[in-house]
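Engineer: Have a look at this one before I ask anything.
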Amino acid sequence: MTKNTDISAILPQTLADSLSEPKSHAEMMKHKTLTEKAFPHVRMRRLRQNSAIRDMVRENALSANDLILPIFVEEELKERQPIKSLPGIYRETETSLATAVKEASSEGIRGVMVFGVSHNKDHIGSDTMNPNGLLARMIDRAKQAAPEAAVIADVCFCEYTDHGHCGPINELGDVDNDKTIENVAMQAVVAAEAGADIIAPSGMMDGQVSAIRHALDVTGHSHVPIMAYAAKFASNFYGPFRDAAGCSLGHVHNVPTHRKTYQMDPANGREAIRDALMDEQEGADMLMVKPGMAYLDVLKELRQNTELPLAAYQVSGEYAMMKFAAEAGALDFQDVMMESLLAFKRAGADMILSYSSVDAVRWIKNQ
């Protein structure tokens, strides 16, 4: 071959064309070196070509092990009652509670959290500190119904006080922090002795985790873990829950109509991380962010700052807005619910509390 030979004349046409001078931006891009991490050598769509590849490279997935079912239980109720603001959800009777727990467990859900609707309210929520009160009874009933399931006791007072706040009110008209943590420690012991597998304090009182941990340890329950509501915000998404649990505010004179002096300001992300990490230092075994969808940034940042298991609570307002939108024909409930649950996993949640837990497990099985 002489040095004047036209190499394109002896090469396959496609290769000759590739060596010719580029005529467009796309052709110019093809001449980038293979070490450059850019199009066209890197094509993100390659791993999206078919369902088999997409399944193999999927970073997060939902399973029954991720889900916890919240259940409302009303005493002195003869038949389970639908909750108007939470379509598809009921206030269970103390008898029907067993059926609801068995159903969830049979589908593979590993945890249930019980919330009482009390008919025996007073200023401090004393029924929850009674070994024969509603809290103890429903824990015992749930545990007997499904011994293999983890029964989680929400320990707080808002469902059991006549004013609806999360502890006794002091002379300043605010919740008395230190008296509340004394009471919640007793409440936690009652729950543990009734059979609770996990204690979940939700009142957002300073020092509540350390008070509960000490009380459990000295009463022979050092094995019982604490799932702290570590970053619980003063959110507007709780509305349907307060209807369901009977803990709305504003019906008692000279008592605040909000919970902003103890639940967190929705504007504060850094404070949420600080508060959650204090719960870890006090002895929490798991941390929760509540609500869920509007606070995925907090969940993600907390995941980056702790090795503890994390829970996210998809609260009543989140569930309700998807339900009502689906009923109006605006979206598909199953699709958006599954997408939202997956978002919690992607943000770092190990556990998700959702009113759709049973449906979600069934949908997973049918995928």
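The values are calculated or read from the model by the stated rules, or taken from the named source; none is laboratory data. Everything numeric here is computed off the predicted structure, so don't read it as measured data. Glycine also receives a Cβ, built like all others from the backbone with ideal geometry; neighbour counts cover every protein chain displayed.
Engineer: Going through Gly108, Gly116, Gly164, Gly88 one at a time, which residue ends up being assigned to a strand (DSSP E or B) and of a type in the set (Gly, Ala, Ser)?
Structural biologist: One residue alone meets the criteria, Gly116.
Engineer: Looking for something in a loop (DSSP other than H, G, I, E, B), at positive phi and crowded, with 19+ Cβ neighbours inside 10 Å - is there at least one such residue anywhere in region 129-136?
Structural biologist: Taking region 129-136 first, the residues in a loop (DSSP other than H, G, I, E, B) are 130-133.
Subsequent filtering for residues that are at positive phi retains none.
Scanning region 129-136, I find no residue that is in a loop (DSSP other than H, G, I, E, B), at positive phi and crowded, with 19+ Cβ neighbours inside 10 Å, so the answer is no.
Engineer: Condition first: hydroxyl-bearing (Ser, Thr, Tyr), farther than 29 Å from Glu92 by Cα and crowded, with 24+ Cβ neighbours inside 10 Å. Can you find one or more residues in region 283-303 that meet it?
Structural biologist: The answer is yes, given that some residue of region 283-303 is hydroxyl-bearing (Ser, Thr, Tyr), farther than 29 Å from Glu92 by Cα and crowded, with 24+ Cβ neighbours inside 10 Å.
Engineer: Shifting gears a bit: Assess whether Ser85 counts as being surrounded by 21 or more Cβ atoms within 10 Å (Cβ to Cβ) and either at pLDDT below 95 or outside the structural domain of Ala142 (by TED's automatic domain parsing) (or both). Before the answer, list the steps.
Structural biologist: On the way: surrounded by 21 or more Cβ atoms within 10 Å (Cβ to Cβ): no; either at pLDDT below 95 or outside the structural domain of Ala142 (by TED's automatic domain parsing) (or both): yes.
So Ser85 fails the test.
Engineer: Let me ask something else. How many residues does region 47-73 hold that are touching a residue at least 60 places away in the same chain (Cβ under 8 Å) and either over 30 Å from Gly116 (Cα atoms) or part of a strand (DSSP E or B) (or both)?
Structural biologist: 10
Engineer: While we're looking at this one, here's another question. Aliphatic (A, V, I, L, M) and farther than 20 Å from Arg58 by Cα: which single residue out of Ala328, Ala360, Ala347 fits that description?
Structural biologist: Only one candidate passes the filter, namely Ala328.
Engineer: Is it the case that region 137-148 has a residue that's in contact with a Gly (Cβ under 8 Å, 6 or more places away or on another chain), part of a helix (DSSP H, G or I), over 22 Å from Gln263 (Cα atoms) and among the β-branched types (Val, Ile, Thr)?
Structural biologist: yes
Engineer: For region 106-127, name all the residues that are of a type in the set (Val, Ile, Thr) and either surrounded by fewer than 19 Cβ atoms within 10 Å (Cβ to Cβ) or out of contact with any Pro (no Cβ under 7 Å at 6 or more places or on another chain) (or both).
Structural biologist: Listed by number, the residues that qualify are Ile109, Val112, Val114, Val117.
Engineer: Next question, about the same structure. Among Val117, Val151, which is the only one that is aliphatic (A, V, I, L, M) and at pLDDT 95 or above? Before you say what the answer is, go through the steps one by one.
Structural biologist: Values: Val117 fails: at pLDDT 95 or above.
Matching residue, one of Val117, Val151: Val151.
Engineer: So if I check each of Ala211, Ala215, Ala196, which one is crowded, with 24+ Cβ neighbours inside 10 Å and assigned by TED's automatic domain parsing to the domain that holds Ala276?
Structural biologist: None of the others qualify; the one that does is Ala196.
Engineer: Taking only region 166-187 into account, find how many residues are out of contact with any Asp or Glu (no Cβ under 9 Å at 6 or more places or on another chain) and over 19 Å from His214 (Cα atoms).
Structural biologist: 7
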